[in-house]
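K.L.:
Just dropping this structure here.
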Amino acid sequence: MLAMRILISLQLLGLTLLCVGIFHCQASPRYTFVVEETPYRRLCSTKNILTVNGQFPGPTLYVRSGDIIIVDVYNKGNRNITIHWHGVRQLRNPWSDGPDYITQCPIQPGGSFTQTIMFSSEEGTLWWHAHSEWDRATVHGAIVIYPNKGATYPFPKPHAEFPIILGEWWKEDIGQLYKKAIQSGGEPNISSAFLINGQPGDLYPCSKPDTFKLMVDYGKTYLLRLINSAVQDILFFSIANHKVTVVGSDASYTKPFSSDYVTISPGQTIDLLFTADQSPNHYYIAAKAYVGGAGIVYDNTTTTAILQYNGNYTSTSIPSLPNLPSHNDTKASVHFTGSLRSLADQNHPVDVPRKITTPLFYTLSVNTLPCLNNSCAGPNGTRLSASVNNISFVDPSIDILQAYYYHVNGVFGTRFPNFPPLLFNFTAQDLPLYLQTPKQGTEVKILKYNATVEIVFQGTNLVAGDDHPMHLHGFSFYVVGWGLGNFDKDKDPLTYNLVDPPLQNTIAVPVNGWTTVRFKADNPGVWFMHCHLDRHMSWGMDVTFIVKNGKGLGAQILPPPPGMPPC
C-alpha cells in the first residue's frame, strides 16, 4: 500500500518522479502533447487537421525497455479525444490505455489528462494514436523502444534507423467523414491518397516537391521501423530493386527472413533491415492497398517515397517502381504473414501456453441492421454493422473501467458468449439473410487472473467477407495457427506452431479464413479487443475483456490517477 500512496501523491504533485515499489525510484521523462487544429496542404488544397504539437505525423517517443514515462495531454482541438499507446502492455494500469468509453471518458475540448505509460518487455517499434472516432488518421506517431543499456540488438547494428509511417489522406474533414458514415449507415468514402511519413508522393498532383526522401550511403545497412497507421486498409510495401530482411514485429524480435515485399495491417509494426547495395541512383519506395474481399471499394492509388543514394552519379530521370503484389493477392498477403516466427533464442525465449483453461471461438462478421423505410445507405436500405459472435458492441454512457472499478451497475453485461450462437458454413458463398442481423449490446467477457486463453478467430462471408486485423490491448499473443476456409477443430490444431510462433498484438485474420492466438491473462484490468479497420470497429466488431484481480498486491489493478476525464 505504501508504494501506491507514494505513486498517487507524486501524481497529485505533478512531479516527474515515479516510484515503483518501495526501494526503486527513477526519474521519469515527461512529455507534453497538445492536440490542436493545424493547417496542412496536401493534393493541391489546404485544410485544418488535428495534430499533436502541430506535427503530422506526430512526435516520435524514444524509450528503453522497461521505462516509465509521463505524457500530459492537452485538448485544444474542437472535439473529444483520447490517446492510446498501441502495443504497450500497461501492466495493471488500464487507466492510461486510452480507448474512449472502455478505459476512460474522452478528454473534452479545453480539458487535459496526465497519462502514465509503463513499458515492460516490449522492444522494437510501437506507436501511439488517437482512439476516438477516426481521429487517428492524423493524430499518431512512432514509439521507438531500445534495448536496456548494455544490451544490443540480436542483429548487427544498422548504420542508421528511420521510422516509416504509412497512412491515408482525405480531402474532406475526417470528423465530417465519420459523422456522414455513421448517419448514413453506409460505407465511408475511400481515402484520396496514401501517405509515407505524411507525404503522398510524386504520383499524386501537387506532391512532387514534398515527397519524402530517404538518403543512404552505398554499402550501408539501415533499419526501417515500419508502421501502418491507415484507418481503413491493409497495405503492401516494397522498395524497388532492394530486398528487405524482417527482424521484428509489434515490438518483438523475429527470426530474420528476406522478402521482396511486406504485408502490414493497420495497427501493426514491422522492423526491416535493408542494405543499400544497388547502383547509386534514385529508387521508389511504394505502398498500395491489399483488399481480399470481393466487391469492396478501395483506394487504388499508390504512395511513393524516394530512396536516394548519396554521392556524385548520373541518375535516371524516372525512378523504378517496385513490383508490388496485385491488390487482391490473398496468397501473397498470407504468405508474408505466415512467414513470421519468434526469434526464440536463449535471450528471447517463448512462453506459449500449452494447457488451455479458457477456449474461445469468435466469429467475425459484417452485418446489417434494419432502417426505418429502408432509408440507410447499406445494402437494400439497411445500416451496416459488424459483430463478434453475433453481438454488435454498443458504447456505454460511462467507461467500462470506472463502472467495473467502482461497482456501478447497469453499464455492461457479463454474458459475452464463448462460442457463436449459431453454427453454419461460415464461409459459404450464399448465406441466408436472417443471419445478417446481429444482436446489439454492451457485453464483456470475464477472465480469471492467470487463465490461459485460446481464441480461434473465424471470418465469415456474411454480407461480404473481408480481412480483419484484430488488435488486443493489454497483451501480446502468440499466433499459433491460421488457415483459409472454416476452422476444423479436429485437424487444424494438429498443425499449430507451439515452438516459435510470432508474438504480436495485431494480426490479420484472412478473408474467409481463421487465425488462432494464445495468451496468459496475467494483466488485471479492463482491456479492449477490436478490428483495426475503423469502419468495422465503429460498426461494433469489438469485445471488452475484464481480467479479474489475482492474489497479492502485484496482481491487482493500480488505483485510478487523479484528473480522470469526466463523461
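K.L.:
So how many residues does the range 482-501 have that are of a type in the set (A, V, I, L, M, F, W, C) and closer than 15 Å to Tyr362 by Cα?
P.N.:
So the answer is 2.
K.L.:
Suppose we keep only residues that are in a loop (DSSP other than H, G, I, E, B) and in contact with a Ser or Thr (Cβ under 7 Å, 6 or more places away or on another chain) within the range 281-313. Which one would you say is modelled with the highest pLDDT?
P.N.:
To start, the set of residues in the range 281-313 that are in a loop (DSSP other than H, G, I, E, B) comprises 281, 291-301, 310-313.
Remaining after also requiring in contact with a Ser or Thr (Cβ under 7 Å, 6 or more places away or on another chain): 281, 292, 299.
Details: Asn281: 94, Gly292: 94, Asp299: 97.
Looking at the filtered set, the residue picked out is Asp299.
K.L.:
Let me ask another. Quickly run through the range 380-397 and pick out the residues that are of a type in the set (S, T, N, Q) and either under 25 Å from the mean Cα position of the chain (by Cα) or surrounded by fewer than 19 Cβ atoms within 10 Å (Cβ to Cβ) (or both). Show your work before the answer.
P.N.:
Residues of the range 380-397 of a type in the set (S, T, N, Q): 380, 382, 385, 387, 389-390, 392, 397.
The answer is Asn380, Ser385, Ser387, Asn389, Asn390, Ser392, Ser397.
K.L.:
Let me ask something additional. Please determine, by comparing only the residues of the range 342-372 that are crowded, with 20+ Cβ neighbours inside 10 Å and either closer than 24 Å to Asp260 by Cα or among the acidic types (Asp, Glu) (or both), which one is farthest from the chain's Cα centre (by Cα).
P.N.:
If we take residues in the range 342-372 being crowded, with 20+ Cβ neighbours inside 10 Å and either closer than 24 Å to Asp260 by Cα or among the acidic types (Asp, Glu) (or both), then Leu343 is farthest from the chain's Cα centre (by Cα).
K.L.:
Let me ask another. If we scan the range 209-220, do we find a residue that is open to solvent by 50 Å² or more (accessible area, probe 1.4 Å) and over 28 Å from Gly124 (Cα atoms)?
P.N.:
yes
K.L.:
I would also like to ask the following. On the basis of being assigned to a loop (DSSP other than H, G, I, E, B), of a type in the set (A, V, I, L, M, F, W, C) and touching a residue at least 12 places away in the same chain (Cβ under 8 Å), does Ala428 make the cut? Working first, answer last.
P.N.:
Working: assigned to a loop (DSSP other than H, G, I, E, B): yes; of a type in the set (A, V, I, L, M, F, W, C): yes; touching a residue at least 12 places away in the same chain (Cβ under 8 Å): yes.
Taking the combined requirement at face value, the residue satisfies it.
K.L.:
If only one of Thr460, Thr437 is more than 15 Å from Met529 (Cβ to Cβ), of a type in the set (Val, Ile, Thr) and open to solvent by 50 Å² or more (accessible area, probe 1.4 Å), which one is it?
P.N.:
Working: Thr460 fails: open to solvent by 50 Å² or more (accessible area, probe 1.4 Å).
On inspection, the qualifying residue turns out to be Thr437.
K.L.:
Further question: Name the residue that is farthest from the chain's Cα centre (by Cα), counting only residues in the range 292-318 that are within 22 Å of Lys243 (Cα to Cα) and open to solvent by less than 20 Å² (accessible area, probe 1.4 Å).
P.N.:
Looking only at the range 292-318, we keep the residues that are within 22 Å of Lys243 (Cα to Cα), and these are 302-311, 315-316, 318.
Checking the rest, the ones that are also open to solvent by less than 20 Å² (accessible area, probe 1.4 Å) come to 303-307, 309.
Details: Thr303: 20, Thr304: 22, Ala305: 23, Ile306: 26, Leu307: 27, Tyr309: 32 Å.
My answer is Tyr309.
K.L.:
Just for strands (runs of 3 or more DSSP E) wholly inside the range 207-280: which have at least 2 residues that are closer than 26 Å to Tyr298 by Cα and β-branched (Val, Ile, Thr)? Can you show your working first?
P.N.:
Numbers: elements: 213-216, 221-228, 234-239, 244-249, 252-259, 262-264, 269-275.
Here the list reads 234-239, 262-264, 269-275.
K.L.:
Just a yes or no: is a residue in the range 487-504 open to solvent by less than 20 Å² (accessible area, probe 1.4 Å) and farther than 25 Å from Ile234 by Cα? Explain how you work it out, then say what you get.
P.N.:
Let us first name the residues in the range 487-504 that are open to solvent by less than 20 Å² (accessible area, probe 1.4 Å), namely 501-502, 504.
Imposing the further condition that a residue be farther than 25 Å from Ile234 by Cα reduces the set to none.
Scanning the range 487-504, I find no residue that is open to solvent by less than 20 Å² (accessible area, probe 1.4 Å) and farther than 25 Å from Ile234 by Cα, so the answer is no.
K.L.:
Just give me the residues in the range 64-84 being under 12 Å from Phe119 (Cβ atoms), surrounded by fewer than 19 Cβ atoms within 10 Å (Cβ to Cβ) and not charged (D, E, K, R), in sequence order.
P.N.:
Passing the criteria: Ser65, Gly66, Ile68.
K.L.:
Follow-up. List pairs: first residue in the range 521-544 and in the same structural domain as Asp399 (by the TED database) and on the phi > 0 side of the Ramachandran plot, second residue open to solvent by 10 Å² or more (accessible area, probe 1.4 Å) and part of a strand (DSSP E or B) anywhere in the structure, Cβ distance under 7 angstrom, at least six positions apart or on different chains.
P.N.:
Matching pairs, first to second residue: Gly540/Phe393.
K.L.:
Might you let me know whether the range 105-124 holds any residue that is touching a residue at least 60 places away in the same chain (Cβ under 8 Å), closer than 19 Å to Gln199 by Cβ and not β-branched (Val, Ile, Thr)?
P.N.:
no
K.L.:
Can you tell me how many residues within the range 319-341 are open to solvent by 60 Å² or more (accessible area, probe 1.4 Å) and among the aliphatic types (A, V, I, L, M)?
P.N.:
Selection size over the range 319-341: 1.
The values are calculated or read from the model by the stated rules, or taken from the named source; none is laboratory data. Predicted, not measured: the structure shown is a model, and the values here were computed from it. All Cβ positions, even for glycine, are placed from backbone atoms using ideal geometry, and neighbour counts span all protein chains on display. Just so you know, the surface numbers come from the protein's heavy atoms only, side chains and all, with ligands and any DNA or RNA stripped out. Shrake-Rupley method; radii C 1.70, N 1.55, O 1.52, S 1.80 Å.
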